[in-house]
Amino acid sequence: MAERGPWLTIVGIGEDGPAGLCAASRAALDAAAHVIGATRQLALLPPLDATREEWPVPFARGVDRLLARRGVPTVMLASGDPFWFGAGGTVTALLGRDEWVAHPARSTFALAAARLGWRLEETACLGLHAAPLARLRPLLAPGQKAIVLVRDGDAAAEAARYLTAQGFGASAVTALEALGGARERVRTTGAAGWDLNDVAHPVALAIAVAGDGRVLPRASGVADDWFAHDGQLTRRPQRALALSALAPRAGELLWDVGAGSGSIAIEWLLAHAHNAAVAIERDPVRAARARANADALGVDRLRLVEGAAPGALVDLPRPDAVFVGGGLSGALLDRLSATLPAGTRLVAHAVTLESEALLAARHAAQGGALLRVELAEAAPLGTRRGWRASYPIVQWSVTL
């Protein structure tokens, strides 16, 4: 049997068109039977013998068409570096390593940094073509910088309005259009005074954050008022203790059972960009509120499951850690202990005498750590002040 070789070449192309292509990219285009890419990218190419196809909408349809040509010498065009917020990783995840080769061009991020003199290692880089602007929220702090790929001029104006609404209207925003090409244009304005009404695709925004907006802390246990809730909220001190026990690590998955406002899952996601979380909540109103909280704080990747545990846990991907904040029962703990793999970290909170007794029994049987937390806050008491106590929280944490 003949050895398979790469049939797909992923070619990064910039606004300078053929002038920016390496020799390997040019050779791949000359040898290709078929070239697929965005209309703008195809227009940058020189005359070729290959057939040309515009990438369709939605994006997944183009992937299907590409895979249907398996074995036929094909070039897929991508903007700049195909593996930095580009389509390269999406496609190669579906192919064997011997089926493709890639030749990246200069990325928009590199070009933007070169125009502005910014250190890329000190700059957040985001692709928000099809993602919500709220992903900026964790990054918004005076003195921080970000380069953001956006869809078009309307999205650029929307980004300026978002910054202003968050209290960072003093930020300097640079619109960088068609970098590296004949249409290149670089203009800077303030977010609050955005007056660039003719910004054209492709465009990146370079944001130098400034203003007196509220900064989202990066430590576990952010203030309660970051979350909309109806009282069903793991309060800040208990939340900090829970997250410390859950010990989020990069790339891990959390189940937040009885999620309420979603605060535990949201802070788990804020701990690292590669973390994932599933929030299980039986009340649809609370589930919707958790969804809104996650979106507002820039972690729209939170997955919501409406339903009661343990039934709602069926077919979920296996977690690295589980937090039980609501719906605690012996049946749930039995299910978790019996089905989750060894090494899974489990943290449960109890506030009633009955649930305390349950956790005490589990601690005696399965070990781990049992912690009782009593907190009181200073509050007005007539003309003076006194301590207002909260209900004690009992926390059981164990590695299964």
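Have a look at Ser355, Gln366, Trp387 and report the one farthest towards the positive end of the charge dipole of segment 353-398, computed about the Cα centre with Cβ charges (Lys/Arg +1, Asp/Glu -1).
Looking along the dipole axis, the top candidate is Trp387.
As an exercise, identify the trypsin sites (Lys or Arg not before Pro) in segment 273-382 lying in DSSP coil whose Cβ has no more than 15 other Cβ atoms within 10 Å. Could you put the intermediate results ahead of the total?
Values: sites: Arg282, Arg286, Arg289, Arg291, Arg301, Arg303, Arg335, Arg345, Arg362, Arg372; in loops: Arg282, Arg301.
The qualifying sites are Arg301.
Which ³J(HN,Hα) values, rounded to whole Hz and listed in residue order, are derived for segment 389-400 from phi using the Karplus coefficients 6.51, -1.76 and 1.60 in 6.51 cos²θ - 1.76 cosθ + 1.60 with θ = phi - 60°, glycine and proline given as x?
Couplings: 7, 9, 4, x, 10, 10, 10, 10, 10, 8, 9, 5 Hz.
Using a 10 Å cut-off around each Cβ, can you sort Leu241, Leu116, Leu67, Leu136 from fewest to most neighbouring Cβ atoms?
Details: Leu241 20, Leu116 16, Leu67 12, Leu136 24.
The order, fewest Cβ neighbours first, is Leu67, Leu116, Leu241, Leu136.
Just for the chain, what percent of DSSP beta bridges are antiparallel, to the closest 5? Spell out each step's value before the answer.
On the way: 35 of 73 bridges.
Beta bridges within the chain, antiparallel portion: roughly 50 percent.
Classify segment 244-386 as rounded, prolate or oblate, taking a ≥ b ≥ c as the square roots of the eigenvalues of its Cα gyration tensor: rounded when a/c is under 1.5, otherwise prolate if a/b is larger than b/c and oblate if not.
Values: a/c = 1.65, a/b = 1.15, b/c = 1.44.
Verdict is oblate for segment 244-386.
If I fit a long axis through the Cα atoms of helix 59-68 and take the longest principal axis of the Cα atoms of the chain, what angle between them do I get, 0 to 90°, rounded to 10?
Taking the Cα atoms of the chain, the angle to 59-68 is about 60 degrees.
If you average the C-alpha positions of segment 370-400 and of segment 124-167 separately, how far apart do those two centres end up, in angstrom?
After rounding, the separation between the Cα centres reads 39 Å.
Tell me, how many Å apart are the Cα centres for segment 23-99 and for segment 186-212?
Answer, in whole Å: 31.
What value, in deg cm²/dmol to 500, does the helix sum -39500 (n - 2.57) over DSSP H runs of n ≥ 4 give at 222 nm once divided by the residues of the chain? Could you put the intermediate results ahead of the total?
Numbers: 11 runs with 108 residues, N = 400.
When only DSSP H runs of four or more count, the value is -8000 deg cm²/dmol.
Tell me which residues come under 5 Å, amide H to amide H, from Cys125 once H is placed; ignore anything under 5 positions away on its chain.
Ile147
Run the quick spin-label model on Arg151 and Asp224: label points 7 Å from Cα toward the beta carbon, then report their separation in nm to one decimal.
3.8
I need Ser397, Ser220 ordered by Cβ neighbour count within 10 Å, fewest first.
Values: Ser397 23, Ser220 19.
The most exposed by this proxy come first: Ser220, Ser397.
Can you put Glu121, Glu281, Glu15, Glu377 in order, fewest other beta carbons within 10 Å first? Mind showing how you got there, number by number?
Working: Glu121 6, Glu281 31, Glu15 24, Glu377 10.
Least crowded to most crowded, the residues run Glu121, Glu377, Glu15, Glu281.
Taking the Cα atoms only, what angle lies between the long axis of helix 330-339 and the longest principal axis of the chain, rounded to 10 degrees?
40
How tilted is helix 284-296 with respect to the longest principal axis of the chain? Cα atoms for both, answer in degrees (0 to 90, nearest 10).
50
Using only alpha carbons, build the gyration tensor for the chain and give me the equivalent ellipsoid semi-axes, biggest first, whole Å.
Values: eigenvalues 457, 169, 46 Å².
Largest first, the chain gives 48, 29, 15 Å.
Based on alpha-carbon atoms only, what is the radius of gyration of segment 109-208 relative to the globular estimate 2.2 N^0.38 Å?
Working it through for segment 109-208, the quotient is 0.96.
Where both residues lie in segment 224-399, what percent of DSSP beta bridges are antiparallel, nearest 5?
Numbers: 17 of 34 bridges.
Given both bridge residues lie in segment 224-399, the antiparallel proportion sits at roughly 50 percent.
Quick note: the coordinates plus some simple rules give every number you see, no bench work behind them. Note that the coordinates shown come from a computational prediction; the quantities given were computed from them, not determined experimentally. Cβ coordinates were reconstructed from backbone atoms using ideal geometry, including for glycine residues, and neighbour counts include every protein chain displayed.
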